[in-house]
Amino acid sequence: MQKILCFVIAGLAGLVLAEGTIVETKTFFGTPTKYGFAWTASTNGIVSNATTFAVRGQLVRVTFTGAGTGATYSVTLKDSLGVDVLAGQGAGIVSNATTTVCPGLKVTDGTTTNVIPFPVNDILTLNIQDAGSNKTGAVYLFPK
């Protein structure tokens, strides 16, 4: 009984710490799977919620959309180790534009820069800062 109570308390603590809302979708017609996270910020412009299902694969593309006034906001997507799988590329997202990035480790052979995608197999925590009161948007992940 004590173990069950601990899990319930831990779960409720997680709900109290969450800000904003996220609606998750997963679309699979083959590779890559498309994970969608439609979000609405709290009145303080913050979203901070863990996903309810694990994202698996190498992130080859991430797309951000927003319904805003042209303000910029920042997005991190952290795994259970606290690593931002966007590799910092979620900074400076413009709210009234669609932005696509290819996160990962950048490698250069002297003339050409390529990106080695990050492998992901984890529940992720979406954090958004400075989105604006009750603003909305979405983050779409394309792992292969």
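The values are calculated or read from the model by the stated rules, or taken from the named source; none is laboratory data. Here the structure is a predicted model, which means the values were calculated and not measured. No Cβ is skipped: glycine too gets one built from the backbone with ideal geometry, and neighbour counts run over all protein chains shown.
In region 28-48, which residue that is touching a residue at least 60 places away in the same chain (Cβ under 8 Å) and of a type in the set (Gly, Ala, Ser) is nearest to ALA138 (Cα to Cα)?
Filtering region 28-48 for residues that are touching a residue at least 60 places away in the same chain (Cβ under 8 Å) and of a type in the set (Gly, Ala, Ser), the one nearest to ALA138 (Cα to Cα) comes out as ALA38.
Among the listed residues THR100, THR69, THR65, which satisfies the condition of being over 17 Å from GLU19 (Cβ atoms) and outside any strand (DSSP E or B)?
THR69
The set of residues in region 128-141 that are surrounded by fewer than 19 Cβ atoms within 10 Å (Cβ to Cβ) and part of a strand (DSSP E or B) comprises GLN129, THR136, ALA138, TYR140. If the condition is being within 14 Å of ILE128 (Cα to Cα) and at pLDDT below 90, then region 18-44 contributes ALA18, GLU19. From the list VAL75, VAL60, the lone residue that is among the hydrophobic types (A, V, I, L, M, F, W, C), over 19 Å from THR136 (Cβ atoms) and out of contact with any Asp or Glu (no Cβ under 6 Å at 6 or more places or on another chain) is VAL60.
Tell me which residues, restricted to region 26-41, are closer than 19 Å to THR125 by Cβ and touching a Phe, Trp or Tyr at 6+ places or on another chain (Cβ under 6 Å). Residues satisfying the conditions are LYS26, GLY36.
Being within 22 Å of PRO32 (Cα to Cα) and either of a type in the set (Ser, Thr, Tyr) or in contact with a helix residue (DSSP H, G or I) (Cβ under 6 Å, 6 or more places away or on another chain) (or both) is the requirement here; does THR100 meet it?
yes
For region 69-114, the set of residues classified as among the small types (Gly, Ala, Ser) and out of contact with any strand residue (DSSP E or B) (no Cβ under 7 Å at 6 or more places or on another chain) consists of ALA71, GLY82, GLY88, ALA97, GLY110, listed by residue number.
In this structure, is VAL107 in a strand (DSSP E or B), on the phi < 0 side of the Ramachandran plot and surrounded by fewer than 15 Cβ atoms within 10 Å (Cβ to Cβ)? Considered against the rule, which asks whether it is in a strand (DSSP E or B), on the phi < 0 side of the Ramachandran plot and surrounded by fewer than 15 Cβ atoms within 10 Å (Cβ to Cβ), VAL107 comes out as yes.
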